[in-house]
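Some notes on the structure that comes next.
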Amino acid sequence: MYYAIVCAGEKMKQNILLKRLRDLREDNDLTQSNIADVLKTSQTMYARYERGANELPIHHLITLCKFYHVSSDYLLGLKNNKK
């Protein structure tokens, strides 16, 4: 039972990350290609990050936090405010 609760919590956090990745990109009027360029990856790979098909590598997480000027806690859904 505990494992199911932990897994559900992790799934919820992943959904927050995916939503925030997309929201931040769209709020800044950027395309997936624009962000892929920032991360030095392909648009296809970035799209896979945004929809949760691939896990976002830590070095990309750091780059996105710096790019958007948000904390990793915010992006990961650990807190609600951006700083």
Those residues of region 22-56 which are at positive phi and under 10 Å from the mean Cα position of the chain (by Cα), in sequence order:
Gly52
Assess whether Asn28 counts as being touching a residue at least 40 places away in the same chain (Cβ under 8 Å), over 17 Å from Gln14 (Cβ atoms) and exposed (fewer than 12 other Cβ atoms within 10 Å of the Cβ).
yes
Regarding Leu76, is this residue within 17 Å of Ile16 (Cβ to Cβ), of a type in the set (A, V, I, L, M) and out of contact with any Phe, Trp or Tyr (no Cβ under 9 Å at 6 or more places or on another chain)?
yes
In region 46-83, the residues that are surrounded by fewer than 13 Cβ atoms within 10 Å (Cβ to Cβ), among the aliphatic types (A, V, I, L, M) and either free of Cβ contacts under 8 Å to residues at least 40 places away in the same chain or under 14 Å from Arg25 (Cβ atoms) (or both)
Ala53, Ile58, Ile62
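Taken together, the values in this text are just the output of simple stated rules run on the coordinates, not laboratory data. None of the values given here were measured: they were computed from a predicted structure. Quick reminder, even Gly has a Cβ in these numbers, built from the backbone with ideal geometry, and neighbours come from all protein chains shown.
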